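Scroll down for the structure; my scribbles are underneath it.
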Amino acid sequence: MNLSVIGAGTMGNGIAHVFAQAGHDVTLVDLDHDRLGAARATIDKNLGRMVAKERITAEDQAATLDRLKAETDLVKGVANADLVVEAATENAELKARIFDQLDDAAPPTAILASNTSSISITQIAAATDRPEQVIGMHFFNPVPVMKLVEVVRGLATSDETYETVQTLAESLGKTPVEVNDAAGFVSNRVLMPMINEAIFCVQEGVATPEAVDTVMKLGMAHPMGPLTLADFIGLDVCLSIMEVLHRELGEDKYRPCPLLRKMVTAGRLGRKSGRGFYDYA
Ligand code: CAA
């Protein structure tokens, strides 16, 4: 398949990596030339680790990189796409603008998927004239490691579109799980309130971040404690997902913790800013 990925951030480069490694031709599109270079270097480094562990050969690494093209022009980048995955910043207006452009620039038969973690697929699809070909394809960080793809059906998504995306996810060695369009889908509707509650525990002085994380790691066998995970995801992303849950589902149990809001306001966004619940300097 000819695949295009919009956005060369952490998720975009992970998605491009797994597509190319599974044998698909991939065009990674980003307005920022430097980000495209950084994404390619990250993919090369991650493939190199797999070669060192003898999971793939050096030839596989070279062939994967050969299948990966970079493009700064969205119109050119999706001109031959069978399927596009958008992995841009989590902002509803931005996504609507991108999908409007994709609808004009991608072939009429192309499927337009979004990696959104909380924005309504039905709403994104409404920016196009092909809502039956719009779907959520939600990957998890780090994409090359995490086995799940949450496949989200918008109100108009066709069975044919769903089946194509399900088969594609399986071709990557992932397990697709079908969910319907609702705020936060299943993953973030369950995960984010847990993270938010962990932050309330810190705010109320119930325990330190280290203690909260140790409880959840050793008591519940989570690979990372919720506050380490929040730093890994980005506290701004966690806040924006809690805001969507609170607004759309309307219940007080989804109210973002004031400490989360305060940390985002202060620029403590987690790993990416060097400081969140922990220091990464
Ligand atoms: N890219 C590629 N591979 C990576 C990687 C990365 N960024 N980070 C780690 N890996 C690989 C390592 O190479 C290693 O591979 P092998 O098993 O083949 O040796 C494997 O992952 C394990 O890594 P480590 O031994 O270094 O570290 P670990 O055992 O502590 O695992 C982890 C790291 C996989 C990130 C693990 O801590 C984990 O699963 N954490 C939870 C992650 C999670 O919940 N992600 C979902 C976040 S929510 C989301 O993404 C969606 C959303 O909408 C918010």
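The values are calculated or read from the model by the stated rules, or taken from the named source; none is laboratory data. Note that the coordinates shown come from a computational prediction; the quantities given were computed from them, not determined experimentally. Neighbour counts are summed over all protein chains in view; Cβ atoms, including those assigned to glycine, are modelled from backbone coordinates with ideal geometry. When the accessible area is computed, the model is the full protein with side chains, heavy atoms only, and any ligands, DNA or RNA have been set aside. Shrake-Rupley method; radii C 1.70, N 1.55, O 1.52, S 1.80 Å.
Of note:
- Region 46-78, subset hydroxyl-bearing (Ser, Thr, Tyr) and surrounded by 13 or more Cβ atoms within 10 Å (Cβ to Cβ), residue nearest to ASP25 (Cα to Cα): THR64
- Per-region count, region 228-276, residues of a type in the set (S, T, N, Q), within 20 Å of GLY9 (Cβ to Cβ) and away from the ligand (no atom under 16 Å from the Cβ): 1
- Verdict on THR161 being assigned to a helix (DSSP H, G or I), open to solvent by less than 10 Å² (accessible area, probe 1.4 Å) and more than 19 Å from ASP236 (Cα to Cα): yes
- Selection within region 27-42 - surrounded by fewer than 23 Cβ atoms within 10 Å (Cβ to Cβ) and within 15 Å of the ligand (Cβ to nearest atom): ALA38, ARG40, ALA41, THR42
- Pairs where the first residue, in region 244-272, is over 19 Å from GLU90 (Cα atoms) and the second is open to solvent by less than 20 Å² (accessible area, probe 1.4 Å) and not basic (Lys, Arg), C-beta under 6 Å, 6+ apart: CYS257/ASN196; CYS257/ILE199; LEU259/ILE199
- The combined condition, being in contact (Cβ under 8 Å) with a residue 12 or more places away in the chain, surrounded by fewer than 22 Cβ atoms within 10 Å (Cβ to Cβ), over 24 Å from ILE119 (Cα atoms) and under 25 Å from the mean Cα position of the chain (by Cα), is not fulfilled by MET194.
- Those residues of region 206-231 which are open to solvent by less than 50 Å² (accessible area, probe 1.4 Å) and either hydrophobic (A, V, I, L, M, F, W, C) or part of a helix (DSSP H, G or I) (or both), in sequence order: ALA207, PRO209, ALA211, VAL212, ASP213, MET216, PRO226, LEU227, THR228, LEU229, ALA230, ASP231
- Residue count for region 47-62, restricted to those that are under 21 Å from GLY12 (Cβ atoms) and away from the ligand (no atom under 15 Å from the Cβ): 0
- Among the criteria (1) open to solvent by less than 60 Å² (accessible area, probe 1.4 Å); (2) outside any strand (DSSP E or B), the one ASP104 does not fulfil is (1).
- Just so you know, in region 192-247 the residues that are of a type in the set (S, T, N, Q) and within 21 Å of PHE140 (Cβ to Cβ) include one that is modelled with the lowest pLDDT, and it is SER240.
- For region 11-26, a residue qualifies if it is more than 16 Å from the ligand (Cβ to nearest atom) and either open to solvent by 20 Å² or more (accessible area, probe 1.4 Å) or assigned to a loop (DSSP other than H, G, I, E, B) (or both), and the qualifying residues are GLY23, HIS24, ASP25.
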